[in-house]
Each structure stands twice: as C-alpha cells, then as structure tokens.
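The structure appears below as structure tokens.
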Amino acid sequence: MKKDAFKKRFFDYIYLEEKLAQHTWFRVGGNAEIFFIPEEETLLEKLLKDKPNDCDIFTIGAGSNLLIRDNGINGITIITNKLNKINVDQNGIITASCGANDADVARFAKDHNRTGLEFLIGIPGTIGGGIKMNSGAFGCEFRDVLIDVKAINHNGEYRVFSTEDLKMEYRKIGLTNKWIFLTARFKTSYGSKELIRSKMREIIHSRKSAQPTGVKTGGSTFKNPLGKKAWQLIDQAGCRGLRNGDAMISEKHCNFIVNLKNATAKQIENLGETVKQKVFENSGIKLCWEIERVGDK
C-alpha cells in the first residue's frame, strides 16, 4: 500500500502507525497501519473511493466493546467520533450520526422532551456500534427504537437499511462488515422531562451499583446463552477474580474483564478463553464472545 500517497491526499486526517490502545476502553492493542479521522461524510466517501481495492477497512466507535490485539490492525482504521451530530424533527424523530455517543443521544432526547431512548444512557458506546451489535440494556434494544440507518460500503456506495433489512437479533445483525453506518433515525414519543430524567438516573444508579465503572474494561465479555446469565455461569465455574497477569475477571460483575494496570490484549483474550473452557467443563454450555476481537495476535 502506498501510505505516502494517502498521507498526501488526506494530509489533515491521516495518521500512520497510530497507537490504538488510546482509542479503546481496555487501553491495550497495537498500532493502526493507517488511521483516518473523517470530519464529514463526504470525506469518508472520498477515501473509500480512492483506496486500493485490496485495502482492508476497520471502523472504531467509542472502543468500548472492542479488544484490539497486540500487533495492531493492517489497512485503514477509521474512527467515527467526529461524525456526531444529533437533531430532531417536528414529528419527534431523532437523527443521530454514527459517532454520537449513546449517552449524548439519550440526553438530547431528554432535553427535547422525547421519551423512549432513556436506555441509551446505560450503554457505553456509539450509535454505529450500538446498531452493529443491536446493543441493549434495561429491557430495551436498538431494534425496539430504530427506524432505519444510512450506510456506506467500502466502495463508497450508499444505502438505507430498515430494521427488517438489518435482521436484528440478540447482539447481532445480518449485515456484513463491508457497511459503515452513517446516520440513524429513531422513533420517540412526547414525555415529561422530569420523568425522563428520573428514569435515566435510575439506570445510571443501577449500572454503577452492578457493574465496574471507572476502570479499564470492555463491557460485557460474553453473550447471555438462551435462558441463562453469562455472569452466573462464570461465577458457578469459580472464575470470579480469576487473573492472567494484569487481566482479571471483575469481582463486582463476573462478565467483565478488567485491565488492572498493564495487561496485554493476549492476556485478556487468553483469560476469556480460559473462562469459556471452565464454564463448559462445569455446565456444558459454550459461551460466545460479545466483545469484538480484531487485529493480529
């Protein structure tokens, strides 16, 4: 790949060998070969159309549910945090860009007396990542409120997907990673600002009391098996507090891995695989990763 050519064409937005650890909640991982920060959709479109056909693309939102391996990511890594606009129309439909934080969208809805998006205050991520994972919390998921989403593929072609098109299921959708989400529309209804604020406070309190906060973690590590709770299976397998170097299963919530200080991505991933094995030996249930693991080991 001719990195110097990319650097010249997108000088103000391209970084070479960017340290990706600073862009994830775990604070681990290697470098991005090419790191791109678009400030407008048109700039992203231009890069996607100009890139070599064999160039890999990976997109980062908040980096909250992501483990980047120690040898980093080849190709182009795109971070969407500057694509973060939020607005509401006269019918109460809220449109949010992919890089907008879930919590910011929840607060925006509250400020405009719109209810239905309070659960977003409890999801530490971005709108794009939330759609990709069909994230959920406190009884609601993205598919419950999403109308449609505009996306662009790796060739710079646009398309709008409805929730039906996306085939949204528990923590996954039926769309390949060749599509990057740009803007999403959400249905809301009118609500009392005080009631909305009260519900959001309850969610924040519940999250802080049940989950590790203010630490280096990646959110829920494993998906809940049908009819089961991942954290209970992990606890029953004797994994609470289990460590691998500076990677540890949280004492507060067993479905969270915490980077205590200087854990490596390898230590975190190996710890997760150890937990999977112990849970299977104890219960016969195979846990599936919820955290996305990318890059070279």
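The values are calculated or read from the model by the stated rules, or taken from the named source; none is laboratory data. Since the model is a prediction, treat every value here as computed from it, not as a measurement. So basically every Cβ, Gly included, is an ideal-geometry build from the backbone, and we count neighbours across all protein chains shown. Please note that ligands, DNA and RNA were not included when accessible areas were found on the heavy atoms of the full protein model with its side chains. Shrake-Rupley method; radii C 1.70, N 1.55, O 1.52, S 1.80 Å.
Counting only protein heavy atoms and using a 1.4 Å probe, the accessible area of Tyr170 comes to about 80 Å².
Phe222 sits among other residues whose Cβ lies under 9 Å from its own Cβ, and their net charge, with Lys and Arg +1 and Asp and Glu -1, is +1. Summing Lys and Arg as +1 and Asp and Glu as -1 over all other residues whose Cβ lies under 11 Å from the Cβ of Cys288 gives a net charge of +4. Between the amide H of Arg114 and those of Gly191, distances stay under 5 Å, these residues lying 5 or more places away or on another chain, with hydrogens modeled in the peptide plane. Distance from the alpha carbon centroid of region 9-60 to that of region 137-187 works out to 21 angstrom. Under 5 Å between amide hydrogens, built in the peptide plane, is the criterion, and for Asp148 it picks out Arg185 among residues at least 5 positions away or on other chains.
Cross-link pairs exceeding 32 Å between alpha carbons, from the set Lys150/Lys252; Lys132/Lys278; Lys193/Lys276: Lys150/Lys252; Lys193/Lys276.
For Kirkwood radius over Cα pairs in Å, computed directly from the structure shown, the correct entry in (i) 20.0; (ii) 21.2; (iii) 19.4 is (i).
Could you tally the net charge around Asp111, taking each other residue with its Cβ under 13 Å from the Cβ of Asp111, Lys/Arg +1 and Asp/Glu -1? My count for the surroundings of Asp111 gives +2.
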